[in-house]
Amino acid sequence: MESRIEEAIKVLKMNDRGGYTVPTSRLYPYQWNWDSGFTALGIWHFNKWRAWLEITALLDAQWEDGMIPHIVFRQNDPDYFPGPMIWQTNTEPPSSGHSQPPVLASVILKLVEIGSGYDLRKAREVFPRLMAYHRWYASARDPRGTGVIGIIHPWESGRDNCPDWDIGMESIEVPADLMRYKRRDTAHVDSNQRPTQDQYDRFITIIQYGRQVGWNHHDIHSNGPFLMADPGVQFIFLRANRDLLELARRLELTDAYDEIQEWIQRVEDGCNWLWKDDIGGYCARDIRSGRFSDAITNASMLCFYGDVGSDEQRASMAAHCRRILNACRYGMPSWDPEHSDFESRRYWRGPVWAIMNHMITIGLADAGEDELANRIQSDTRQLVEMNGMAEYFDPMDGTGLGGMDFSWTAAIYLDQSRDGVAAHLQNAS
Ligand code: DGY
């Protein structure tokens, strides 16, 4: 049997569409924002210029206002819904109308740290694009400067159907004139591993609203059907700002320091709004009603990655992490397995995701929580070694779920096995 390293490289090459990589064929036939960030990190271990091409292709779709959309549609593929005709953003290349967790600056810093002069030169080239993206996030997603980043669609969190969004989704009124549509995802993956029909109607309601207001993000933030704070996006953006500052230092771009420091300060101050006392942890929260979600997720666990919280708050989050890991065979599940809404196989309502584990592990290791970090890292490795490059995994028995031959799972596996990749490439040459 070929080694998993060989398989991971093969998956990434197979998903290459000539300058950009799809997450997996058929189910996701375009370029996705945070997928491409992690995918670049994986590709870098066997092809550096191609990894940078992944990033610059994504940046080619950046909007004039700085937003990097969550999907870039370079062709119309009838296998996917909702495609470019549904979004109607009128961009070139065609794209969706909102963003995704901003992981790019952190990926780029990582490439600079482990790379060479070539990576530093590429990072210098894209730095102004990263600044524009973060400026867009800081203004369009927090127009009143509260430090709390709001997402306008569950898809913007990347954790599409997590119960975190149930409160925000409940208050969406599906209009009688909702466009008629046909889902494609359930033609590729068992429907019990995907969001429900009712959730899809609400997802599409938000898109219809965005279209009606010409994707004016200030309007959508104030009046759109959905506005929630996501611990995932909040902590990822905070970390990305810290990493952007470090990148500016390495590139000696002193003019950028003050603006980035301001973003860091504001977003760090905003994090406490997500702290739920009776849970003793960070939870998603509806920005308009103030209502909280009521469970710890793998996104809550990114608090260490964002480097936030008092000593007591961190101790409480580490205790949650231990408890949740004890409640399942493989961590870190996307929803608390001791909560009644847990579903071990339904997408973001339970399953384990390698990219989340990757960020959680970095955060826990930075915080000195080595035992927890090692457990999660070793679970990620075991899941891939047992069941291959699945999109996500059952935390109870490790079954691989969703799309198979998945780019970001392959990428994270390669990043975790980087010494093995170097040895593999040497043997192959
Ligand atoms: C989907 O189609 O399921 C995507 O996650 C939307 O980004």
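Quick look at the values:
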quantity	calculated
Gaussian network model of the chain, springs between alpha carbon atoms under 10 Å - residue of Ile149, Ile114, Ile260 with greatest fluctuation	Ile114
For the chain, radius of gyration divided by Kirkwood radius, i.e. Rg to Rh on alpha-carbons	0.93
Dipole magnitude of the chain, debye to nearest 20 (Cβ charges: Lys/Arg +1, Asp/Glu -1, about Cα centre)	840
In the range 59-144, the trypsin sites (Lys or Arg not before Pro) that fall in loop regions by DSSP, at most 12 other Cβ within 10 Å	Arg144
Residue-averaged [θ]222 nm for the chain, counting only DSSP H segments that reach four residues, each worth -39500 (n - 2.57)	-15500 deg cm²/dmol
Spin-label pair Glu113/Asp397, simplified geometry with 7 Å Cα→Cβ offset, distance in nm	3.8
Of all accessible heavy-atom area on the chain, the percent that carbon and sulfur account for (1.4 Å)	45
Relative contact order of the range 2-424, pairs being alpha-carbon contacts under 8 Å that are 6 or more residues apart, as %	19
Convex hull (Cα only) mean projected area of the range 47-136, reported in nm² to one decimal	6.4
The range 1-58: C-alpha gyration tensor shape, a/c 1.5 cut-off, then a/b vs b/c	oblate
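The values are calculated or read from the model by the stated rules, or taken from the named source; none is laboratory data. Since the model is a prediction, treat every value here as computed from it, not as a measurement. FYI the Cβ positions are ideal-geometry reconstructions off the backbone, even for glycines, and counts take in every protein chain you see. To get the accessible areas, we keep the full protein, side chains included, count just its heavy atoms, and leave off ligands, DNA and RNA. Shrake-Rupley method; radii C 1.70, N 1.55, O 1.52, S 1.80 Å.
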